[in-house]
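K.L.:
Sharing a structure below in structure tokens format, with a few things to ask.
The values are calculated or read from the model by the stated rules, or taken from the named source; none is laboratory data. What you see is a predicted model; the values in this text were computed from it and never measured. When we count neighbours, we look across all protein chains shown, and the Cβ atoms used for this are built from the backbone with ideal geometry, even at glycine. Heavy atoms of the whole protein, side chains included, go into the accessibility calculation; ligands, DNA and RNA do not. Shrake-Rupley method; radii C 1.70, N 1.55, O 1.52, S 1.80 Å.
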Amino acid sequence: MSWIIFALGAIGSGAVSDLFRKLGSNLRDPFLSNLIFQVGSLSTAVLLYLLFSRKIEGNSQGILYALIGGILISIFTTFSFKALAGGPDVSTVIPVIRVGVVLLVVILGVVLFKDKLTWNLVTGVILATIGVFLISMNK
């Protein structure tokens, strides 16, 4: 199966997840919101692993990187809950966060992984940034 199918699935589930993140941001404590969110995430991850994989790997470096990524996504989610609870609305807060993530990933990819910095990439990031700026100006 092509990577684009999985990317579209990630986009769809990520967008709907953000909507539920907004709905869950009305809890007073963003740390509790994050805990509940992550319990749902862990439960789903375990279920998907048991249903579709059950493979064990000895790649300790890859496992460590995945663990660090999970820790960082939990921190990201806590900050997202806090931003959604105090921000204008989901259609402003989430695009600002997502474009900020895209911009930082592009910079880190170029600096750390020596990704090519093409005009298409630069133009796309600039247009996305302008789009988010326009969205945030409307509020």
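K.L.:
Keeping all protein chains in place, calculate the accessible area per residue for the chain (probe 1.4 angstrom), answer in Å².
P.N.:
75 Å²
K.L.:
What's the carbon and sulfur percent of the chain's accessible surface, probe 1.4 angstrom, rounded to a whole number?
P.N.:
Solvent-exposed carbon and sulfur of the chain make up 75 percent of the total.
K.L.:
If you don't mind, there's one more thing I want to ask. Ordering R21, R28, R98, R54 from largest to smallest accessible area (1.4 angstrom probe), what's the sequence?
P.N.:
Descending order: R28, R54, R98, R21.
K.L.:
Taking the structure as given and computing Cα extents along the principal axes in Å, which label from (1) 67, 42, 27; (2) 48, 43, 27; (3) 66, 31, 26 fits?
P.N.:
Looking at Cα extents along the principal axes in Å for this model, the match is (2).
K.L.:
Please compute the net charge surrounding L27, taking Lys and Arg as +1 and Asp and Glu as -1 over other residues with Cβ under 13 Å from its Cβ.
P.N.:
Around L27, the charge tally is +3.
K.L.:
Could you calculate the FRET efficiency of N120 with A10 from 1/(1 + (r/R0)^6), where r is the beta carbon distance between them and R0 is 22 Å, rounded to 0.05?
P.N.:
With a Förster radius of 22 Å, E is 0.55.
K.L.:
Going by accessible area, probe 1.4 Å, with all protein chains left in place, what is the ranking of K55, K116, K82, K22, largest first?
P.N.:
So, going from the largest accessible area down, we get K116, K55, K82, K22.
K.L.:
At 1.4 Å probe size, with no ligands or nucleic acids counted, give the accessible surface of V99 in Å², nearest ten.
P.N.:
Looks like 30 Å² after rounding.
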